[in-house]
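Peer 1: First, the structure itself, so that you have it in front of you.
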Amino acid sequence: MQENQSIEITDYDESNITVLQGLEAVRLRPGMYIGGVDNTALHHLVFEVVDNSVDEALAGFCTEIHVIINSDGSLSVEDNGRGIPVGIHEEEGIPAVELILTRLHAGGKFDNSNYKVSGGLNGVGASVVNALSNKMIAEIHREGFLWKQEYKQGITSSSLQQIEESRKTGTHITFWPDDTIFDHVVFNYEILAHRLRELAFLNRGILISIRDNRSERFQEFKYDGGIASFIKHINEKELFELIPFIFPANQKM
């Protein structure tokens, strides 16, 4: 029987306890929130923002979601939902949009009166995206005005501004992923389009589009049949793949 190996004893006391403020923890350990810093994690940022728009649609307040890959390396997600609230939060004393985008576990998804169902990271997704971005701009159409606020690496860099009157409603988020965190920060059109098509199948009747301003590629997805449309799409795809192998009876192989 082997003797137990000796364990080196090191000091572990109250001085070893670290308290990270704001979104520091996200930037220090991004893998805990989005699974890593690779290509998959980069695109996960997009889906977190898109999921917020999908939640608005599921709640009955949004019919269109548009994703734009911008030529400057940023990406935008726009919807025609209610728009993130811009009023001053009573307890925190800052605009609700600032609270949602700069604090973990802040949002309307913990109150069942607003969202019966939700996806993504359930209240932390938008702030995580903000924390892992060099810059983020939130533009909100709500209460008869266009509002705008900017952030850098998850920290507010400008006050909420009332830009102009607006008859629209909705949220427009643009972010530049942090190239000091991710392995690379180039968005892949095919990866995004594939996932957005899936979301359109899963959420029937919602119009979801993607535009790539780097190449002018554009696709639009809307399936009133939902899952039934997905099955039809799969069958058509399989048939298309079989066509090259079907020959007329009088043609020799």
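Peer 1: Within region 204-216, which residues are surrounded by fewer than 18 Cβ atoms within 10 Å (Cβ to Cβ), in contact (Cβ under 8 Å) with a residue 12 or more places away in the chain and part of a loop (DSSP other than H, G, I, E, B)?
Peer 2: Scanning region 204-216 gives ARG204, GLY205, ASN213, ARG214, SER215.
Peer 1: On the given criteria, is GLU190 part of a helix (DSSP H, G or I), modelled with pLDDT of 95 or more and loosely packed, with under 14 Cβ neighbours inside 10 Å?
Peer 2: Criteria met by GLU190.
Peer 1: Exactly one condition in (1) modelled with pLDDT under 95; (2) more than 30 Å from ARG29 (Cβ to Cβ) is not met by LYS168; state its number.
Peer 2: Unmet for LYS168, out of (1) modelled with pLDDT under 95; (2) more than 30 Å from ARG29 (Cβ to Cβ): (1).
Peer 1: Moving on. Looking only at region 37-76, which residues are over 17 Å from THR169 (Cβ atoms) and part of a loop (DSSP other than H, G, I, E, B)?
Peer 2: VAL37, ASP38, ASN70, SER71, ASP72, GLY73, SER74 - these are the residues of region 37-76 that are over 17 Å from THR169 (Cβ atoms) and part of a loop (DSSP other than H, G, I, E, B).
Peer 1: Test each condition in (1) more than 24 Å from ILE191 (Cβ to Cβ); (2) aliphatic (A, V, I, L, M); (3) modelled with pLDDT of 95 or more for ILE100 and report the one that comes out false.
Peer 2: Only one criterion is unmet by ILE100, namely (3).
The values are calculated or read from the model by the stated rules, or taken from the named source; none is laboratory data. Worth saying up front: this structure is predicted, and the values here are computed from it rather than measured. With ideal geometry, Cβ positions are generated from the backbone for all residues, glycine too; neighbour counts draw on all protein chains shown.
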